[in-house]
Every structure is written in structure tokens, then in C-alpha cells.
Amino acid sequence: MAESMNGLKRTYRCTELSKANIGEIVTVMGWVQKRRNLGSLLFIDLRDRSGILQLVLDSNDVGEEGFAKAETLRSEFVIAVVGRVEARSGAVNESMETGEIEIRVTQLRILSEAQTPPFPIEEDSQTKEEIRLKYRYLDLRRPDLQKNIKMRSQIATLTRTFLADEGFLEIETPTLCKSTPEGARDYLVPSRVHPGNFYALPQSPQLFKQLLMCAGYDRYFQLARCYRDEDLRADRQPEFTQIDMELSFVDVDDVIDVNERLLATLFKKVLNVEIPLPIPRMTWKEAMERFGSDKPDIRFGMELKDISDLVKSCGFGVFTSALDNGGAVRGINANGQGNMPRKKIDALVEFAKGYGVKGLAYLSINEDGTYKSSFAKFMTEDELTAIVERLEGKPGDLLLFAADKSNIVYSVLGALRLEIARQLDLLKKDEYQFLWIVEFPLLEYSEEENRYVAMHHPFTMPMDEDISLLDTDPGKVRAKAYDITLNGTEIGGGSVRIYQSDIQEKMFEVLGFSKESAHKRFGFLLDAFQYGVPPHAGLAYGLDRLVMLMAKEDNIRDVIAFPKVKDASCLMSEAPNVVDEKQLVELKIEIAEE
């Protein structure tokens, strides 16, 4: 039967105790991890969020009644004990933070009994994730998950302190907003007071933080909850947290400077890792041409090489037809993989097909310098030699080629180099390679909408020297936009904003918005800009992604307390779910039959 604390006060968490406390009478509380009965002695491993501490119970200390009570303890019972800190009677446990000490218990209270949990509460659990997420409140007791959640809290606290010291003000922005459908799908919230009207949950605080700059707040930040109704991935959730900021009277270098120092502070204080500053920068164009990605993983080589000029007149139709259709032929060198079995090469071909190409061409360089290839018979010896030299091939290497439209070739080879790196175990989690990607295209053409759309958002400033191209060649305009990437993952992005009305009107014109439609979507921001707006820029990090990488996890769910699964549902709370008919009537909503 559960007992009350009855005035007991916890004096320490488990791992706050050490040899320095030997001789003290202390009170600790937590969960029973394990019980070992050695006849006249009971050993209890007590667990709280700080770690594990060994308790020793002897009937001479706790009495027969207390000892009998202790014999009823099972895994996950919640207990409070009073006792004396002593040097460990047995061998020191080097693997435990408190391995040199134990508590000789004089008083025991069972605060709460527990059923047998559906899975062991232990590190590196092998239990299926679906079961762990259903019982997330138990999963969250596991030490490795608790370590991640504590790291997340530490990162949030350090971020707040750093930005406050840099003159930023923490200001909250609304989470019930107007829908501005330009990007991912909104989550909509029906209004009871305004039947037939809906709020949208914010995809980001973008418009409001720009309004704060108009209002003169100079430097703003918040840890903002954001929502996007989009398909989930390992590094994406429907609700997530941004470290969001905006600065006035700045340009690209100012934003990059403060954020480099923020990242260096976080990595030093959380992981004791030095981040060399300044962080390298690479243009979007260079990143695509060298790595096939705008968030390249630069922990390894295997860079893309363009061989279009070498094969434009060759006899291999796959290459020449791609070039005739305005495409490109590029390849990568999987160093030392020339002996890869044909079965594994075929698997890579199937992998590549998932990115839109019909197949891959390959060339293995034998140890004697001869070639084994899917296309060598269509090539002259000089052409083959030139290709191998372009890819810096040597005996024992495997060269892989894709031929198609440039964007497809980039996508395929960018993904392929990552897949091969995974197979070769080249992606070391204790290596941190940061990279700024700059000079993104301002616009990209949407075949579906038959118009240009903003690659970031409609308020991104073009590079000064490209503004004239908005009239003549919008597709070539570069943006004052910047993403910060870490080990092939985008962890943050931002841009300098348009603040001159003539450039903003031109941007809307290029995007196909009339003045009326632009005002309908963004009127309150455009109205504010008529009353004096400073030059401003900003950036937002995905806090969840950043913590995931710092914690060396593969899935964002392992750093979020209560995450959703792939279909955006919560296995624990069973959200989303049906609501009472009465609520629908109040909201003037009727559910259509499928």
C-alpha cells in the first residue's frame, strides 16, 4: 500500500552524491530499477533523472517490518529512503557515476506501487518503437532518452542566455494566425465566434517577426512552436520548435557572425567540441555541382564530376540523348570499390531509379588498369581514358554515372554518394562539419502552377547586382539567402528581407500576384511597410534537428518528449480523434461522408 511522504524532504538526487558525502544522513527518492536479495541483505538500484544509486537494506537497520516491506519491492515502484552515505562495501563499480558509494538505509517508504512495465526500462532498448511510443511516459524514464531531453533543455537555456547577452529580446508571436497558403499545407483551426472562418497554426513566425522590426524592437528571438501539415521523415515532425530570430540594420555577414558564435558556444558548453570559426561558405551552385545537394555532407569526398563535354560525341546513346535534350552526364568515384559484386551494383541501380533515372552506367577499374564497364564497347580508348582521368580513377575504383536532366542527375548522384557512404561506414557521428550555403536562386519555376515561385518566401531580398534581372531573366536572380548545414542536414536557414516597396512590388509581379491578391494575402505587412521599415534579416534553426545531431541520434523522435509517428498521429494519446457532435454544431461544421 502506498504511503505518504509525511514531511520527508528529498535532500539529493541520486548522482548528486559522491565520496565527499560519506557519513551524511540523506534522503533520496526515485524508482526501483532492480532488487537483489542476498538473504540477510537487500540491494536496491534506485533511479531518478540523474542516474542510479545503490541502496543497502539490513534488517538490523530497518527492522523486521521494514525489511519485509523492502522484500515486496518490484521494478518501477516509487520509494523514499533515509540513510547514511557509506563507501561501497563490495568492489567499486567503474561503470556507475555513484559506483564508489552506497546508502545504508534506515527508513523506507513505498510512495507508489507499479505494475510490471510492458518493456524493460533500460538503455539501448530493443523493444519495438511502436510499443515504446504507446507507453511514452515509460519510455521517457530510460536513461538514454532522459539524457537527450536534458540536453535539449540545456541547449534551449544556453541559447536564451547567449541571445539575451547579444541584445535580443524574447517576444512571443501569435499561434492563431491568418492562413497564407504559400508553402507547406497549414493546419487549420475553426472559429466558433466567426462561423465558416479559420485560423491557421503558424508554419513560422515570419510575418510577425518582420512586423516587430517595423515596430523598432531591433533584435528579436523566440523558441517558437511551428506546424506544417506535410509528410513526415526521420528529421521532420508536424509540430516542431524553431530557434527564431530577426535583426534590424544588418546584412548577410552580420547574421552569419552572431549565429556562428551561437553555434560555437552551444557545442563547446554542451559537448566540449571546438567549432573552428569562421564556418566555410559555399554557393548553392557550387554545392549542387560538387555534391548534388544544397545541404552537402562534406565529411567525405566522392564529389560529382561533369563529363558532358567528354561524351557529347560518343557512341553511347544513353549519354548523347540526355545531352541532346539539354541534360548532363555526371559521375562519382567510389574509391576502392572496383571489386563490388554485380549484385550490389544492381542494388545501387535500383536505388538510383527511385530518384527518377532509368538506370546507372558503371565502370570498374581492375588492378591491372583494364576496365569492366556497362558502356565501354560504345567508347573509344581515348574517351574512356579521359573519363577515368576526369574522375581521378585508379586501379580498384568504381565509377558510377547518371545521364538525364541536370536536376535529376544532381538528385540521383547526391543521394547515391550518401548511400555508398552509409554502406562504407564513412558517416562518423562524432565528426561535425558545418557549412553555410549562400547565393540560392531567388526563384524556381513550378511546372504545376506554370509560374515562378519563391525558393524561400516572397520577402527574400535579391542580390544587389541581380535586381535588374527580375525584368529580363528571373530564373538567374540570386537571393541574399543562407542555410547553415551540419553533416548533410539543414539545421537552419534565413535571408535578408525586402524592405523597399518597389522591389517588393516587382517580386510580387514576377510571382504572378496582382497588387490586389498580394494585399489580400499579406496586407497587414505591406501596410506596416508604409510607415518606415528598417533593413532587416533573420534566421531560424530547427531546434529538434540540431539536438538530434548533437545527441548523435538518427531520428528526431528520440529528442522530442511526445512525438508523432509517420501518419502524424500520437500512439499514446490517440490524437487526432473524433470530437463530440455538439462541438461540431457549435463550430457550424459538418463532416462530409466519403
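Students often check this: by mean Cβ neighbours within 10 Å, which of 470-481, 579-590, 185-196 ranks highest, and how do the rest follow?
The peptides rank, most packed first, as 470-481, 185-196, 579-590.
Beta bridges from DSSP with both residues in the chain: antiparallel share about 95 percent, rounded to the nearest 5.
What ranking do 229-241, 97-109 get when scored by the average of other Cβ atoms within 10 Å per residue, highest first?
Values: 229-241: 16.1, 97-109: 19.4.
Order by mean packing, descending: 97-109, 229-241.
Across the accessible surface of the stretch 126-239, with the other protein chains kept in place and a 1.4 Å probe, carbon and sulfur atoms take up 51 percent.
Using a 1.4 angstrom probe on heavy atoms only, work out the carbon and sulfur share of the accessible area of the stretch 384-527 in %. On the stretch 384-527, the fraction of accessible area on carbon and sulfur atoms equals 47 percent. Cross-link partners for Lys358 among the aspartates and glutamates, with Cα-Cα distance under 20 Å and sequence neighbours closer than 8 places in the same chain left out: Asp306, Asp324, Asp346, Glu350, Asp404, Glu419.
Its relative contact order, with pairs defined as Cα atoms under 8 Å and 6+ residues apart, puts the chain at 13 percent. Per residue, the solvent-accessible area of the chain (1.4 Å probe, heavy atoms of protein chains only, all protein chains present) comes to 50 Å².
Taking every DSSP beta bridge that has both ends in the stretch 1-125, the antiparallel portion is near 95%. I'd like the distance separating the alpha-carbon centroids of the stretch 65-94 and the stretch 152-204, in whole Å. Taking the Cα centre of the stretch 152-204 as reference, the centre of the stretch 65-94 is 47 Å away. Its residue count N fixes a reference of 2.2 N^0.38 Å for the stretch 434-560, and the Cα radius of gyration divided by that reference is 1.22.
Scaled against 2.2 N^0.38 Å for its residue count N, the alpha carbon radius of gyration of the chain is 1.21.
For the listed peptides 331-342, 275-286, a ranking on the average number of other beta carbons within 10 Å per residue, highest first, reads 331-342, 275-286.
Antiparallel beta bridges, as assigned by DSSP with both residues in the stretch 334-471, represent about 100 percent of the total such bridges.
Roughly speaking, to the nearest percent, how much of the stretch 1-79's 1.4 Å accessible area is carbon and sulfur?
Numbers: 2050 of 4070 Å².
So the carbon and sulfur contribution to the accessible surface is 50 percent.
The convex hull around the C-alpha trace of the stretch 1-109, projected and averaged over every direction, spans 6.4 square nanometres.
Tell me, what is the percent relative contact order of the stretch 148-273, built from C-alpha pairs under 8 Å that lie six or more residues apart? Let's see the in-between values first.
Values: 163 pairs, mean separation 30.2, N = 126.
Once normalised by length, the contact order is 24 percent.
The values are calculated or read from the model by the stated rules, or taken from the named source; none is laboratory data. Keep in mind it's a predicted model, so treat the numbers as computed, not measured. Here Cβ is always computed from backbone atoms with ideal geometry, including for glycine, and neighbour counts include all displayed protein chains. Heavy atoms of the whole protein, side chains included, go into the accessibility calculation; ligands, DNA and RNA do not. Shrake-Rupley method; radii C 1.70, N 1.55, O 1.52, S 1.80 Å.
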